[in-house]
1. Let's see if you can work this out: charge +1 on each Lys and Arg Cβ, -1 on each Asp and Glu Cβ, no other charges. What is the dipole magnitude of region A:2-49 about its Cα centre, in debye to the nearest 20?
2. For region A:151-249, with only Lys/Arg (+1) and Asp/Glu (-1) charged at the beta-carbon, what is the dipole magnitude about the Cα centre, in debye rounded to 20?
3. Apply the Karplus parameterisation 6.51 cos²θ - 1.76 cosθ + 1.60, with θ equal to phi minus 60°, to every residue of region B:18-33 and state each ³J(HN,Hα) to the nearest whole Hz, in sequence, with x for glycine and proline.
4. Shielding by partners for B:177-189, please: the mean number of other protein chain Cβ atoms within 10 Å of each residue's Cβ.
5. Take the Cα atoms of region A:115-248, build their convex hull, and give its volume per residue in Å³.
6. Using the per-residue mean of other Cβ atoms lying within 10 Å as a proxy for protection, in what order, highest first, do the peptides B:31-39, B:179-187, B:81-89 fall?
7. With +1 on each Lys and Arg Cβ and -1 on each Asp and Glu Cβ, how big is the dipole of region B:123-191 about its Cα centre, in debye rounded to the nearest 20?
8. Quick one: Cα centre-to-centre distance for region A:182-228 and region A:1-61, in angstrom?
Amino acid sequence: MKRDRHTIQKFLDHDLSDKEMKRFEADLEASPTLQADLNLYREVDEALADTEVLGFRDQLNDLRRDSRSGAAKKVQIRFSRPWHYAATAAIALVLAIGLASILDRPLSNQDLLKKYYKPYEVALINRSNDAQLDLMLRHAQQLYMEGEFSEAVIYFEKVLEDKPNQVATNLYTGITYFELEQYKNAGKSLNKVIEHQDNLYVEQADWYLGFCFLATDENDRARRQFARIASSNSFYRKDAEKILRKLDK
Amino acid sequence: MKRFSDEEILEGLKKRDNRTLQYIYSNYYDIVRQLINNNNGSDDDAEDVFQEALIIIFKRLKDEGHIELTSAFGTYIYSVARLIWLKKLRELRKMDVTELNKEMEEYIEFEEPPPVQDKDLRMAVYQRNLLLIPDDCQQILRLTAQNVKSKAIADKLGFRSESYVRKRRHFCKEFLINKIKEDVEYQAMIEE
């Protein structure tokens, strides 16, 4: 099946050799499933190319979020820890970074966390065939967005009781534990995402695991973790390089 | 809030004007919510259906240039939403419905708008699932669909190489396709 899909994409990209093309066309004729898959790929491409409707959909989603939060601006995640709110802390951070760079001193782990850490934004919920579970997950995500992490974690864990391998929920649970300063639990949840491998949240889980090591002052592990990210193709590669430079000073 | 004429609403909708959209939500959403709440649906269902109705009308405006309303805009959007909800009840919930809650049907005016195409609803499922995958994946797939070359995507998104963009694109696309196939609404549609 996976090979079929790879071939479908190559077919749509006009990347099949003559021999592969002949075989694909024969398979296509014989298999209604393959035909249905090809149609799905084509329609998905069409949906992706419809930038006007996609843009309009984004706009309507923003409006929905605004009306849910009752605010005129896009929902922002509230941070639970007081230092995130406090303007004094922000000023202290600017001063600390400024001073550290003037004196060429390394930033503390707390400074690095303040500078680079922010919780992962919640995507819209995927519908499953279990309405009760969807409701619970939606509630957990809402609490997460509102910064009510101690409550959010209860609902995330309930979802995971039923669906322990749901990778996105494990990622949010990990970040929620991080916010609650329960770093060991955070590491466990994030490692589940990383060990699962075949998912799209591995990069995010790797990134947040690095912060767990920073928060617990396990600097050698943090170095290894960020070095791994920096040498990969990760979305966070550049920031990981910056953290590494600061850690290595 | 200023009152908009139906012409102004259609014009604003076509231009995706935020003030017009807010006006539409504050004036016409409630009646759709009532319709859905009175017919086995939740507020979330109502929000989804209202959004899909707006997108269908927007698409028609874009494709056909204009819409000749034979009734008020409120009646029109209500009728489109009603049609979408009937389809969803039949397809998703397997309910044998030909009409909705009698009481509502009697006191709210509706008309039969041009039919809501199955493809419109499938496109909605695809695009909704796109928003569920990680941001970098969304950007790679959207840019690829706009024929942006892998090299330009790598530069724009800060990836090291074109080959990584290509590899990630395949992975993201497959992930999206799997998500769509797991979507209960999609499953119900293809069972038809």
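Since every read-out is calculated from the coordinates, none of them should be taken as a lab result. Bear in mind the structure is a predicted one, so any value in this text is a computation, not a measurement. Glycine also receives a Cβ, built like all others from the backbone with ideal geometry; neighbour counts cover every protein chain displayed.
1. 240
2. The dipole magnitude comes to about 480 debye.
3. Karplus-based 3J(HN,Hα) across region B:18-33 equals 4, 5, 5, 4, 5, 4, 4, 4, 6, 9, 10, 5, 4, 5, 5, 4 Hz.
4. Mean partner shielding for this stretch: 3.
5. Value for region A:115-248: 103 Å³ per residue.
6. So the peptides B:31-39, B:179-187, B:81-89, ranked by packing, come out B:81-89, B:31-39, B:179-187.
7. 480
8. What the calculation gives is 35 Å, centre to centre.
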